[in-house]
Structures are given as C-alpha cells and as structure tokens.
Amino acid sequence: MRSLLRTLLSSMILALALGGPIAAARAADVPPGPPPSPTPAPAPAKDEQGFEKVDGSMMKGESIPAAPLVSIAYGVIFAAVAIYAFGVARRTQRVENELADLKSRVERAGGGGK
C-alpha cells in the first residue's frame with residue numbers, strides 16, 4: 001500500500017512538473033483580444049484553360065496549433081502509464097499478501113524450515 005501511494009504521489013508530481021511548461025506554451029500561442037479579421041485576397045489570374053494558380057495564402061487561418069494536440073497526446077500517455085503503474089502495484093500487493101498468507105500457513109503447520 002505504501003509503494004502504491006509513493007507511485008501515485010510521484011506520478012502527480014510529474015504531471016504538475018510537465019503541466020506548467022505546457023500550459024505556459026499554450027498561453028503564449030493565444031494572442032489576447034479578438035482574432036484579426038481576414039482581408040480578402042485579390043482574385044488570382046486565370047490561365048487559358050480557366051484554372052487559377054494557388055499560392056497557399058488562403059490556408060493561413062486554417063492551420064491547427066500544435067500545442068493543444070501535444071498536450072492531449074502527453075495527457076493520454078501519462079494516463080495510460082499511471083493506469084498501468086496502478087495495476088502493477090495492485091497485483092504486487094496481492095502477491096505479497098498471498099506470500100504472507102502462505103508463510104503463516106507453513107509456520108502453523110510446523111515446517112518453518114529455519
């Protein structure tokens with residue numbers, strides 16, 4: 001039980017240590033105030049077949065910021081590791097309890113061996 005608490009406490013400290021810089025980076029990506037209004041781009045010239053050349057300037061407002069996605073990914077990985085560590089600690093505690101039970105049974109039966 002003590003090792004389980006130690007594992008959970010160290011996991012929480014790790015989460016807090018990683019969460020601060022991620023939150024600061026996320027806050028730095030968001031500019032204060034309302035978003036700037038998009039200015040209409042001039043109409044591109046069409047070639048003889050009717051196609052318009054694309055320069056990629058229309059994609060500026062449609063990019064996905066990386067900070068929230070990275071934060072979510074780290075959160076999911078941390079949760080998975082924490083769940084795994086909790087499961088391992090629980091199974092270890094169960095095995096330790098079984099060993100203590102077996103040891104007491106052997107001692108009661110008189111076959112201590114020491």
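Quick notes
- The single condition among (1) more than 29 Å from the chain's Cα centre (by Cα); (2) polar (S, T, N, Q); (3) modelled with pLDDT of 95 or more that residue 93 does not meet is (1).
- Each residue in the range 82-114 was checked for being touching a residue at least 12 places away in the same chain (Cβ under 8 Å) and either in contact with a Phe, Trp or Tyr (Cβ under 6 Å, 6 or more places away or on another chain) or of a type outside the set (S, T, N, Q) (or both), and 5 pass.
- Restricting attention to the range 64-114, the residues that are of a type outside the set (D, E, K, R) and assigned to a loop (DSSP other than H, G, I, E, B) add up to 6.
- Just so you know, in the range 64-114 the residues that are over 22 Å from residue 15 (Cα atoms) and of a type in the set (A, V, I, L, M, F, W, C) include one that is surrounded by the most Cβ atoms within 10 Å (Cβ to Cβ), and it is 106.
The values are calculated or read from the model by the stated rules, or taken from the named source; none is laboratory data. None of the values given here were measured: they were computed from a predicted structure. When we count neighbours, we look across all protein chains shown, and the Cβ atoms used for this are built from the backbone with ideal geometry, even at glycine.
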